[in-house]
Amino acid sequence: MTVERLEAEAMKLPLRERALLAQRLLASLDEDEIEQAWEDVAERRYQLYLAGEMETVSASDAMAEIMRRSDAHRRDPGEAVPLDEALDRIERSL
């Protein structure tokens, strides 16, 4: 089963069951693996920064963009940014 199909099936669940599933999935993640993945991302981005190959964004600009998008999403959920894009932007601001 693909992730897309699994997601489509999970979205058919009632809210309470989706929340429980999300909680269980998050609990199943190994904290050491997550920490290592963030360290890898940080190191890769730092090396790109040192090489002059990465554009930086100030924390205040990043937060302003997050707030702008959050407000836009409240007004029109159709303007939501895909999660992977949002995470990339946040990572770039770190």
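The values are calculated or read from the model by the stated rules, or taken from the named source; none is laboratory data. Keep in mind that this is a model prediction, so the values were computed, not measured. With ideal geometry, Cβ positions are generated from the backbone for all residues, glycine too; neighbour counts draw on all protein chains shown. Side chains included, ligands, DNA and RNA excluded: accessible areas come from the protein's heavy atoms. Shrake-Rupley method; radii C 1.70, N 1.55, O 1.52, S 1.80 Å.
Quick look at the numbers
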item: Residue ID - nearest to GLU91 (Cα to Cα), chosen from residues in region 1-17 that are basic (Lys, Arg) and modelled with pLDDT of 90 or more; result: ARG5
item: Number of positions in region 18-40 that are assigned to a helix (DSSP H, G or I) and more than 13 Å from GLU91 (Cβ to Cβ); result: 16
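Here's the yes/no breakdown for (1) open to solvent by 100 Å² or more (accessible area, probe 1.4 Å); (2) within 11 Å of ARG92 (Cα to Cα); (3) at pLDDT 85 or above:
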{"residue": "ALA42", "(1), (2), (3)": "no, yes, yes"}
{"residue": "TYR46", "(1), (2), (3)": "yes, yes, yes"}
{"residue": "SER58", "(1), (2), (3)": "no, yes, yes"}
{"residue": "ILE66", "(1), (2), (3)": "no, no, yes"}
{"residue": "ASP76", "(1), (2), (3)": "no, no, no"}
